[in-house]
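Visitor: Submitted below is the structure of interest, expressed as C-alpha cells.
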Amino acid sequence: MSGACTLTVTVKCLLLTGANLGSEHEVREKDNTMTNFETNLRVKLPATCIILEMIIIILFATLVEYDDQTNAKYWHKEMAEHNLSNYDNEFYFRYPSFQDVHVMIFIGFGFLMTFLQRYGFSSVGFNFLIAAFALQWATLMQGFFHGMHGGKIHIGVESMINADFCTGSVLISFGAVLGKTSPVQLLLMAVIEVTLFAVNEFIILSLLEARDAGGSMTIHTFGAYFGLVVARVLYRPHLDKSKDKNGSVYHSDLFAMIGTIYLWMFWPSFNSAITAHGDDQHRTAMNTYYSLAACTLATYGFSALVSHEGKLDMVHIQNAALAGGVAVGTAGEMMLTPFGSMIVGFLAGTISILGYKYLTPFLEEKLRIQDTCGVHNLHGMPGVLGAIVGAVTAATATKEIYGEGMEDVFPNIHSGEITASYQGVRQALSLAVTLAIALLGGLIAGFILKLPIYGAPPDTICFEDGIYWE
Amino acid sequence: MSGACTLTVTVKCLLLTGANLGSEHEVREKDNTMTNFETNLRVKLPATCIILEMIIIILFATLVEYDDQTNAKYWHKEMAEHNLSNYDNEFYFRYPSFQDVHVMIFIGFGFLMTFLQRYGFSSVGFNFLIAAFALQWATLMQGFFHGMHGGKIHIGVESMINADFCTGSVLISFGAVLGKTSPVQLLLMAVIEVTLFAVNEFIILSLLEARDAGGSMTIHTFGAYFGLVVARVLYRPHLDKSKDKNGSVYHSDLFAMIGTIYLWMFWPSFNSAITAHGDDQHRTAMNTYYSLAACTLATYGFSALVSHEGKLDMVHIQNAALAGGVAVGTAGEMMLTPFGSMIVGFLAGTISILGYKYLTPFLEEKLRIQDTCGVHNLHGMPGVLGAIVGAVTAATATKEIYGEGMEDVFPNIHSGEITASYQGVRQALSLAVTLAIALLGGLIAGFILKLPIYGAPPDTICFEDGIYWE
Amino acid sequence: MSGACTLTVTVKCLLLTGANLGSEHEVREKDNTMTNFETNLRVKLPATCIILEMIIIILFATLVEYDDQTNAKYWHKEMAEHNLSNYDNEFYFRYPSFQDVHVMIFIGFGFLMTFLQRYGFSSVGFNFLIAAFALQWATLMQGFFHGMHGGKIHIGVESMINADFCTGSVLISFGAVLGKTSPVQLLLMAVIEVTLFAVNEFIILSLLEARDAGGSMTIHTFGAYFGLVVARVLYRPHLDKSKDKNGSVYHSDLFAMIGTIYLWMFWPSFNSAITAHGDDQHRTAMNTYYSLAACTLATYGFSALVSHEGKLDMVHIQNAALAGGVAVGTAGEMMLTPFGSMIVGFLAGTISILGYKYLTPFLEEKLRIQDTCGVHNLHGMPGVLGAIVGAVTAATATKEIYGEGMEDVFPNIHSGEITASYQGVRQALSLAVTLAIALLGGLIAGFILKLPIYGAPPDTICFEDGIYWE
C-alpha cells in the first residue's frame, strides 16, 4: 500500500482522502500522536468497568432471584397447583418481542449512530458498552422500585424487556452527546440516568398510574430532554474545530441505514412488548406498523420539500421516518384506530423534519445545545406529541369502545374508580413530571460529567475514533 | 474514472487510496451540478407522497376496522363466548413469522439492491419509501377484494403479512427498473401494481381456488414479469452512457450480501407465514430450509463452472442462491418430502445461474429488456418452476399421504368436491392467468410511467444517487 | 480533508479514485494475473458441490422422513389421539429460537470474519457455502446416530436446530484456517468434522448422558480444538508474505461488528434453543443474557488495560465480548443463578482478552498454530471453562434447589439413578472425550487437507478474495 511512494506524497494524499479506507493504517498511526495524557484511559476505563461490574455482581448476589417463571422448583410447583402447561410460561408470550427489542438496542441504536465518517467504532462500540452496563444496572434500579418480592428482586423475561427499555433511554441521551464524550463519562451518565429513569417510571406508572407501554414519556421524552440538558452543560464553544469530522461519508450513511431500518421494522415489537396478552399486544403492534408507514411518506415528502434542489437528505430519512414509532408509544395500546395511528405518524414525521431544518440550528446557535444526532427531533418532540395523543385518547375511552377489554388497558376506569377524563389528566401530569425529572437530572448529570477527569476529547479531535481506538 | 489519466498516475493513486470512501464529499458536490430542472423533485415528490397518504388516511377512516383479534371489545367477547385463552389470538401464531417477512422486505430487498457502486442510498431509500407506501395501499386493495366484513375491511396480523407479501411483488419489479426511475415513477408503479396484484390474487386464490402460500405465482412470477415488461417499455437505447456506474465495488457487494443472507435465512418464515397452523407451518418452513440449502450448493458449483477462470461471481451468489426459496413457494406447504424440496432447489439454482450467464445478455440485446438486478433469473424462471412443481405436487396428492391433514392443504380434495388432478389443472391455469395479468399490467404501467413528467434521470446519469440525494 | 492540496491534484485524484472502492475493478483485474493453474477451481469446485449434493439427495430420498410434527397425516392423527391442539406443535416452542440461531450461523459467523481487509467475499461467501452444506450433512449424521425411528431419520424443527448447531462447530474451525484454504478444502473439512461431531455428540450426550444444551463442549470446545489442530497441520512457514493483507481496515471492522453484535444478541436463543420447555428455556436465555453483559464490561476493561496507550482494540471487542455466551453453554440451563452467570461471563471475557494478548503470539511462534480469528480465545478456553462450570454446577445440584424441575435438567438424578456428584464426573469425562476426539479428528482432517490437490492459495496470496472471486 505504500512501497514506492515517498512520505511526502503519503501525507498529502492522507489529507486528500480523509476517511480513506485504504490508508487506515497510516491514519491510525497518525492518530496515536494525537493522544495526550488526558485521554489515555488505561487506568480510568478498566477501573470504571471492573468496579461497576463488581458492585453489580455483589448486589445481584444479595438481592436478585429467579422469578417463578424461571425458577425450576417454583415453576413446576405453579404448574401443578394451577393446572398450567409449559406454554403458559411468560417466555412464550414475550421472548420473541424481547429479541426484537434487543436488536433495536444493540443494532438499531448502535448503527444509527455510525453515520459519522470517523466515529463508527465508537458509535457501535460505546453503544455496546453502555447498553451492556445499563441493562444490568436497570435490572437493579427498576427491581428496587417495582420488582421486590419478599425483599428480593424477581427477574424474568419481563424485567429483561424493561431493562432494555431503560437502556434505550440512555442511548437516546448518548445520541445528543455523541462524539464529544469519553466512555467513562458515558458509563457515569448511565449510572445516573438509569437511576432517575427508575424513579420517574415509578412515579408516573405506579403512583400516578399512567399508561405508557411503548414509553413515549418514560423512554423517549425522558431520554431526549435528559440528554439535551447534558449536552447544554457540556457545551463546547470551539467545536467547529472538529467540524470537518462532524459529517457523514457515503458508506457511513449506508451503515446508519442498517440502524434506521432495524429500528423501523421492530418498533411494533417494542411498543407491544409489555402490553397485556392477546388483543393488546396485537393491536399495539398493528397501530405502530401503520403509524410508521404513514410517517415514512411524510418524511420523504417533507425532506424533498425543505432540502436543497428538491433532493432527499439522508439525515431526515435516517431519523424522521422513525418518529411515528415514538409518537404512538403511549396510545399504541389504546383503541387509537388504524387511521388515527396514521395521522399521528404523519404529524410526527412532519414535525421531525421541520425540527431538523429549522429548530436544530436555532438550538445550537441560540440555546447552545449541540445535539449531534438531533434527538430532539426524533425523540423529544415526537415523545411529547405521543404523550399528548395518549392523554387525549385515554380521556375519550368509553366502555362502548373497549368492552371488557377496558380492564387490560385502563383497569381504574374499568373498575369505576376514576373517569376517563381523569385518566387523561393523569397522563398529562405524567408528561410534566417526566420533563421535570429529565431536565433536573440532566442538569445534575451534566455538571458531574463536566469535571475534567474522565478523559473527554479536546474540541479539536471530537468525532474521531482514533482517540480511543487502536 | 480513468479517461484522461495516465496509467502511471492510476497505479500511484491506487496504491495511495485503496478502497477510498473518502472523496465522497467532492463527488457529491460535483453531482449537484448534474441536476437539471427535470429531475428536481421539490414539488413532484412532496405532492405525490402527501396526496397519496391523504387518500390512504381517508380510505382507512371510512373503510378499515380492527378485526376481532385486535379489537379490545370483540376479542374479549370472543374469548368469553368460545372459551378461548389469549394464547389463541392469531398474534402468537403469526407475529414472529410476520417480523421475519418484514425484515425480508425492508432489509432483504433493500440491501440486496445496494450492489451498485453509487446507488446505495436510492436502493435502500426508495425500497423503504415504496414499501412503506405499498403496504398501506395493499391493505386497502387486498381488503377490498377479500377482506370485507359487513362493508368494512378487517385487519390484523394476517392482513399485515399479506400486505408485506404484496409489497414484495412491487420490490421485485423495482429490481428490474433499478437505477433508471425516479421515486415518483416508483410510487406510481406501486399504485398500479398493488391494485393488479390484488385482482390477480383474488382470481387465482378465491375464484380458481389454487394454493400458493409462498407466492411462487402471486408474488414472484407476477412481480418479475410485470417489472420486465415495464423495463421493456422504458427501454433506454443509450443506457451504456451510464455503464461505468452500472456495476459493483468491493464494499457495495458486501452490503448486498446482507440483503442476500437475510432473504435466505428468513425465506422459511416467508413461505410458512400464512399456511395453516401446526404441521403446515412446520413442514413449509422445513421444506424451504432444505430447498435453499441444496440451491446454494448448485449456485456455487455452477457459478465456478460458467465464470471466468473458475472463479465465483458475486452476482450469482447474491441472487441465484435464493432461487430455491422462490421455487418452493407453491409446493412448500404440500407433502413435497425433504429430498423433493432439495431437487427443486437444486434445479432452481441451476437455471438461475444459467439465466444470468446466457439469458440476461440475450434479453438485453435482442428483446431490449434492461433487467438491472436480473429479476428474471431470481424470480421469473424460478417462480414459473415453482408454479409447475406446485401443480404436479397437487395433482399427485392422495388421502394415503395427507390423511386428515388434507383438509388444511387441499380442502376441496378433502371434501371430495374435486380430484387431485383437477386441483393440478387449477394450479396450472393460475400460472397462465398470473402471466397474462402481469404482462398486460406491466404494459399499461410502462406506458403511464413513460410520460416525461416524473423526473426520471437522463441516460447519462442513471445508477447515480447524486441526482436525488443531497 | 483538502487544505494544503491544490485543486488540480484533487480533481485528478477524484477522477482516478471515484467512489473508490472504485479502483476495485483494476485491482481485481490485477488479481487475475495472480491466479495460476493450481487455484483454478473450474472443475474442482463444481465437481465437489454437485457430487456432494447428489449424495445428500440420494441419502435423503432413502433415509429421511418428516417427523410426526411435520407430517400432515401423523400430526392430525396425533392431535386426535392425544387431544392436542395445533399449538402443541413443537414449531411454536422452537421456531423463533431456530431463526435466531440461523441468523447467528449465517450473519453472525459470516460477518464476524469480514474483518480482514480483502477477504470479505470469502468470509461471508464461504461461510454461506459450507454452512449450507454442513446443515444437510449434519441432518444425516446426527440422524444416523440419534434420530432413527424404524430405520428412518425423522426430521423437524429440533433436528434443524441441531443441524445448525453442528454447522456452528464447523464455522468455528473455519475461523482458525480463515484466509488460507480453498472452498474445496473447507467442504472436505466439513464432511469430516460434521461426522466426528455427531460421533462425539452421541458419546457424550447419549452414552455418558452429560448435559450440554448450549454446546460449550460439543460445539465450542470441539470446533475450536479441531480447527486449531487442522491449522497446525496446515502450518505455513512463509505466511508473513501475506501479512499486509492479514489485518483490518476501517469499514471491514464495522462489517465485522455486525457479526459480533448479532452473535451477542441471539446467544440467549442459542443456548436455550433445545432446552426443555417452560422454565428451562426461560432460565437459560436469562442466564446467558447476564453472562454476556458482564463479559462485555470485562472485555472493555481489560482491552483498555492491555492495549497500546489505553485504547480499545477492535479485535478484543469483536471476539472476547462473546466469550460469556460460550462459557454458559453447559451450565446455562441449570440453576446457575443470575450472579453466578455474571461471574462466569466476567471470567470468560477476562481469559479471552488475556489469551489474545499473551497466548495467541505464543501459539503462533512456539506451537506454530496460525489461528486467524483467535478461535482459541473465543471458543477454546471459554468452552473448556464452560464445561468445568457445568460439571461443578451439576455436581452441586440438589432437590432443594430444583424441586420437580430436576426431571427436566437432570433426569437421572431425579430418578435417583445417580447422584449429583456422579453427574459432575460424567460432565468432566465428557470434556475429556470431546478434547480427545477433536484433537485426533483435527489431525486426520489436517493431513487429508494438506494434499496439494484442492486449489489452496500460495503463501504469497492468502487473505485475498481475488484468487477465488471475479
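Visitor: Just to be sure, is B:PHE255 touching a residue at least 24 places away in the same chain (Cβ under 8 Å) and within 10 Å of chain C (Cβ to nearest Cβ)? Before you say what the answer is, go through the steps one by one.
Guide: On the way: touching a residue at least 24 places away in the same chain (Cβ under 8 Å): yes; within 10 Å of chain C (Cβ to nearest Cβ): yes.
Yes; evaluated as a whole, the condition is true for this residue.
Visitor: Report, by residue number, each residue of the range B:302-323 that is free of Cβ contacts under 8 Å to residues at least 40 places away in the same chain and more than 9 Å from chain C (Cβ to nearest Cβ).
Guide: Hits for the range B:302-323: nothing passes.
Visitor: Let me ask you something else. In the range C:267-277, is there at least one residue being within 27 Å of C:PHE410 (Cβ to Cβ) and facing chain A (nearest Cβ under 7 Å)?
Guide: Yes, the range C:267-277 contains at least one residue that is within 27 Å of C:PHE410 (Cβ to Cβ) and facing chain A (nearest Cβ under 7 Å).
Visitor: Scan C:ASP280, C:ASP240, C:ASP244 and give me the residue that is facing chain A (nearest Cβ under 8 Å), assigned to a helix (DSSP H, G or I) and more than 20 Å from the chain's Cα centre (by Cα).
Guide: C:ASP280
Visitor: Regarding B:ALA387, is this residue at pLDDT 95 or above, of a type outside the set (D, E, K, R) and touching a Leu at 6+ places or on another chain (Cβ under 9 Å)?
Guide: Answer is yes for this residue.
Visitor: Hey, could you check the range C:349-381 for residues that are in contact with a helix residue (DSSP H, G or I) (Cβ under 9 Å, 6 or more places away or on another chain) and of a type in the set (Lys, Arg) and say which is surrounded by the fewest Cβ atoms within 10 Å (Cβ to Cβ)?
Guide: Ranking the qualifying residues of the range C:349-381, first place goes to C:ARG368.
Visitor: Is it the case that C:ALA436 is farther than 24 Å from C:CYS295 by Cα, under 24 Å from the mean Cα position of the chain (by Cα) and surrounded by fewer than 23 Cβ atoms within 10 Å (Cβ to Cβ)?
Guide: Criteria met by C:ALA436.
Visitor: If you don't mind, there's one more thing I want to ask. Can you confirm whether C:TYR290 is touching a strand residue (DSSP E or B) at 6+ places or on another chain (Cβ under 8 Å) and buried (at least 24 other Cβ atoms within 10 Å of the Cβ)?
Guide: no
Visitor: If you scan the range C:80-90, which residues turn out to be surrounded by fewer than 21 Cβ atoms within 10 Å (Cβ to Cβ) and either on the phi < 0 side of the Ramachandran plot or within 7 Å of another protein chain (Cβ to nearest Cβ) (or both)?
Guide: C:ALA80, C:GLU81, C:HIS82, C:LEU84, C:SER85, C:ASN86, C:TYR87, C:ASP88, C:GLU90
Visitor: Condition first: more than 24 Å from B:THR434 (Cβ to Cβ), touching a Cys at 6+ places or on another chain (Cβ under 8 Å) and either outside any loop (DSSP other than H, G, I, E, B) or at pLDDT below 95 (or both). Now tell me which residues in the range B:305-346 satisfy that.
Guide: Passing the criteria: only B:PHE346.
Visitor: All but one of (1) under 23 Å from A:MET257 (Cβ atoms); (2) buried (at least 24 other Cβ atoms within 10 Å of the Cβ); (3) over 13 Å from the mean Cα position of the chain (by Cα) hold for A:PHE121; which doesn't?
Guide: (2)
Visitor: Going by the conditions given, is B:THR299 buried (at least 24 other Cβ atoms within 10 Å of the Cβ), away from chain C (no Cβ under 14 Å) and part of a helix (DSSP H, G or I)? Walk me through how you get there before you give the answer.
Guide: Details: buried (at least 24 other Cβ atoms within 10 Å of the Cβ): yes; away from chain C (no Cβ under 14 Å): no; part of a helix (DSSP H, G or I): yes.
So B:THR299 fails the test.
Visitor: Where in the range A:86-154 are there helices (runs of 4 or more DSSP H), lying fully within it, with 2 or more residues that are of a type outside the set (A, V, I, L, M, F, W, C)?
Guide: Hits in the range A:86-154: A:90-103, A:120-146.
Visitor: Going by the structure shown, is A:GLU53 touching a Gly at 6+ places or on another chain (Cβ under 9 Å), part of a helix (DSSP H, G or I) and more than 30 Å from A:GLY374 (Cα to Cα)?
Guide: It is true that A:GLU53 is touching a Gly at 6+ places or on another chain (Cβ under 9 Å), part of a helix (DSSP H, G or I) and more than 30 Å from A:GLY374 (Cα to Cα).
Visitor: Exactly one of (1) in a loop (DSSP other than H, G, I, E, B); (2) hydroxyl-bearing (Ser, Thr, Tyr); (3) over 25 Å from C:VAL101 (Cβ atoms) is unmet by C:TYR358. Its number?
Guide: (1)
Visitor: For the range A:327-384, how many residues are of a type in the set (Phe, Trp, Tyr) and within 14 Å of chain B (Cβ to nearest Cβ)?
Guide: Let us first name the residues in the range A:327-384 that are of a type in the set (Phe, Trp, Tyr), namely A:339, A:346, A:356, A:358, A:362.
Those still in the list that are within 14 Å of chain B (Cβ to nearest Cβ) too: A:339, A:346, A:356.
Total meeting the criteria: 3.
Visitor: Among the numbered criteria (1) crowded, with 24+ Cβ neighbours inside 10 Å; (2) over 21 Å from the mean Cα position of the chain (by Cα), which one does B:ALA285 miss?
Guide: Only one criterion in (1) crowded, with 24+ Cβ neighbours inside 10 Å; (2) over 21 Å from the mean Cα position of the chain (by Cα) is unmet by B:ALA285, namely (2).
Visitor: Within the range A:400-432, restricting attention to residues that are more than 13 Å from chain B (Cβ to nearest Cβ) and hydrophobic (A, V, I, L, M, F, W, C), which residue is farthest from B:ASN71 (Cα to Cα)?
Guide: Among residues in the range A:400-432 that are more than 13 Å from chain B (Cβ to nearest Cβ) and hydrophobic (A, V, I, L, M, F, W, C), the one farthest from B:ASN71 (Cα to Cα) is A:ALA432.
Visitor: Please specify each residue of the range C:95-112 satisfying the condition of being more than 11 Å from the chain's Cα centre (by Cα) and not small (Gly, Ala, Ser). Before the answer, list the steps.
Guide: Our first condition is that a residue be more than 11 Å from the chain's Cα centre (by Cα); within the range C:95-112, this holds for C:95-100, C:102-103, C:107, C:111.
Those that are more than 11 Å from the chain's Cα centre (by Cα) and not small (Gly, Ala, Ser): C:TYR95, C:PRO96, C:PHE98, C:GLN99, C:ASP100, C:HIS102, C:VAL103, C:ILE107, C:PHE111.
One line per residue, one yes/no per condition, for (1) acidic (Asp, Glu); (2) in contact with a Lys or Arg (Cβ under 9 Å, 6 or more places away or on another chain); (3) crowded, with 19+ Cβ neighbours inside 10 Å:
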| site | (1), (2), (3) |
| --- | --- |
| C:GLU78 | yes, no, no |
| C:TYR92 | no, no, yes |
| C:VAL103 | no, no, yes |
| C:GLY110 | no, no, yes |
| C:PHE133 | no, no, yes |
| C:TRP137 | no, no, yes |
| C:GLY150 | no, no, no |
| C:ILE153 | no, no, yes |
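Visitor: Could you list all residues from the range C:38-76 that are facing chain B (nearest Cβ under 7 Å), surrounded by 23 or more Cβ atoms within 10 Å (Cβ to Cβ) and polar (S, T, N, Q)?
Guide: C:GLN69, C:THR70, C:ASN71
Visitor: Give the residue, chosen from C:THR330, C:THR337, C:THR372, C:THR360, that is farther than 18 Å from C:TRP264 by Cα, within 18 Å of the chain's Cα centre (by Cα) and hydroxyl-bearing (Ser, Thr, Tyr).
Guide: From the options C:THR330, C:THR337, C:THR372, C:THR360, the qualifying one is C:THR372.
The values are calculated or read from the model by the stated rules, or taken from the named source; none is laboratory data. Since the model is a prediction, treat every value here as computed from it, not as a measurement. Backbone-built Cβ (ideal geometry, glycine too); neighbour counts: all protein chains shown.
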